[in-house]
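Shown next, in structure tokens, is the structure this report addresses.
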Amino acid sequence: MSVLSKLVTLMRGSVRELGESVIDANGTRIYEQEIVDARNSIAQAKNDLTLVMAKEMQAAREIARLKGEMARYETMAVEALNKDKQDLAEEVALKVAEIEGEMEAQVRMHSDYALKVAKLKELIKTGENRVREHERELAMAKTTESVYRATATISQNVGAGGSKLMTAKESLDRIKQRHQDLSDRMLAAEQLDSETGAKALENKLAAAGIGENVERKNRVMERIRARQAAESGDQGGNA
């Protein structure tokens, strides 16, 4: 096989795959259009049916008319015989025979129309039943597609591996990390200040029992002890 033939074959395969992918992607839409086309075909068949039914009714009316004509001419033939007009009676009989032949043709046409009407009605009924069945299938297919789309959306955005929630979780983790970093830096600053800043000296003085807070604490303790002693003395005197 030449290179050119291979390229042509490759292009044909690519076109086929592209066509199949387009059909697969639009399967529901194509299916729905096919149902619409079927509905249109049934509507056209109904229109054709009305034409055939009209022909059937016309043939029935023509048969009734010809029967009336035959009866009228036969009556006139009897009158001609009653008046001994044999030749006239035979001429009328020939007319009746012509009408009878025409009526037989109309009867055959009427029977043919009746068969066609019955056949078309059956075909239309079967077609409508099938279309309704396909419409139910289409409704189910659309519902299933909606469920699949919703499932895919939830899986992609909300599920355990959903990209949107994964992104949201990453954002939350970064926020928590920033807060933790800030808290650690504040704690480190306090620790550094307590070791090297103004608080460091105050802490050392407090540890040595020196400073305003220590003196205040001592005065409070003296006041508490004096109150305790006074209350104990009052209880002894009352005793």
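Key figures
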quantity	calculated
Number of positions in the range 95-138 that are among the hydroxyl-bearing types (S, T, Y) and within 14 Å of R61 (Cα to Cα)	2
Long-range neighbours under 9 Å by Cβ, at least six apart or interchain, first residue assigned to a loop (DSSP other than H, G, I, E, B) within the range 69-88, second of a type outside the set (A, V, I, L, M)	K85/E79
Residue within the range 232-239 that is surrounded by fewer than 11 Cβ atoms within 10 Å (Cβ to Cβ), modelled with pLDDT of 75 or more and in a helix (DSSP H, G or I) present	yes
Yes/no for A43 being aliphatic (A, V, I, L, M), in the same structural domain as L138 (by TED's automatic domain parsing), at pLDDT below 90 and assigned to a helix (DSSP H, G or I)	no
Hey, M70 surrounded by 15 or more Cβ atoms within 10 Å (Cβ to Cβ) and within 22 Å of M109 (Cβ to Cβ) or not	yes
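The values are calculated or read from the model by the stated rules, or taken from the named source; none is laboratory data. Since the model is a prediction, treat every value here as computed from it, not as a measurement. Counting neighbours? That spans all protein chains shown, and the Cβs are built from the backbone with ideal geometry, glycine included.
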